[in-house]
């Protein structure tokens with residue numbers, strides 16, 4: 001597992017350019033300011049920004065290097081979505097849809113997108129109410145997998161692959177989800193936390209107990 005403790009080690013792990021690191025540093029400054037007036041992330045996690053937030057988010061790009069259009073459900077403080085947008089900035093066709101139902105968090109996301117001129121769109125909407133064609137649908141700390149699959153269903157139905165950042169209870173979450181959904185997925189160890197996992201959902205089938213296929 002790569003050790004990321006600061007901007008320099010993040011750049012070494014990801015290949016981030018000086019401009020990308022500068023954007024991430026500015027994002028961190030805006031996060032600290034925003035967190036002082038609203039609950040965006042746990043205050044104790046901010047000193048570990050480069051590993052717990054930036055590297056945790058950035059590792060997804062290695063799993064889908066050719067993906068251009070992403071949707072981040074329950075985008076919250078912008079992880080992983082804003083990090084992905086920063087690292088994809090300047091790449092032709094790259095775009096991130098930041099989907100968040102809480103208006104005040106959308107205002108924060110919009111401020112960062114505008115300040116850094118990011119290839120991203122903020123949607124103040126419930127994820128399951130949108131009809132977006134994307135390559136990858138992702139989420140972190142959004143909901144247990146059984147509910148997250150429901151939120152992501154429109155995207156997965158349209159051919160997206162799911163990459164969901166999860167913690168050490170992923171096995172229990174997958175077992176619970178399997179009682180409600182037919183789906184095909186594998187689990188990938190996180191590079192930022194030995195306890196973390198990434199659930200890659202390749203196919204979402206029928207919701208158990210319902211006859212309609214999705």
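The values are calculated or read from the model by the stated rules, or taken from the named source; none is laboratory data. Being a predicted model, the structure only gives us computed values, none of them experimental. Cβ placement follows ideal geometry from the backbone for every residue including glycine, while neighbour counts extend to all protein chains displayed.
Numbers for the structure displayed
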quantity	calculated
Check on residue 112, in contact (Cβ under 8 Å) with a residue 60 or more places away in the chain and over 29 Å from residue 38 (Cα atoms)	no
Qualifying residue in segment 145-153 (condition: surrounded by 13 or more Cβ atoms within 10 Å (Cβ to Cβ), part of a loop (DSSP other than H, G, I, E, B) and under 19 Å from the mean Cα position of the chain (by Cα))	no
Pairs, first at positive phi and surrounded by fewer than 24 Cβ atoms within 10 Å (Cβ to Cβ) in segment 77-99, second assigned to a helix (DSSP H, G or I) and at pLDDT 95 or above, C-beta under 8 Å, six or more apart	none
Qualifying residues in segment 5-25 (those that are assigned to a helix (DSSP H, G or I) and under 19 Å from the mean Cα position of the chain (by Cα)) - the one surrounded by the fewest Cβ atoms within 10 Å (Cβ to Cβ)	25
Within segment 106-126, considering residues that are part of a strand (DSSP E or B) and touching a helix residue (DSSP H, G or I) at 6+ places or on another chain (Cβ under 7 Å), the one surrounded by the most Cβ atoms within 10 Å (Cβ to Cβ)	120
Boolean, residue 183 is under 14 Å from the mean Cα position of the chain (by Cα) and either touching a residue at least 12 places away in the same chain (Cβ under 8 Å) or part of a strand (DSSP E or B) (or both)	no
Residues within segment 127-144 that are part of a helix (DSSP H, G or I) and more than 28 Å from residue 187 (Cβ to Cβ), tallied	1
Residue that is farthest from residue 111 (Cα to Cα) [pool: residues in segment 26-54 that are part of a loop (DSSP other than H, G, I, E, B) and free of Cβ contacts under 8 Å to residues at least 24 places away in the same chain]	42
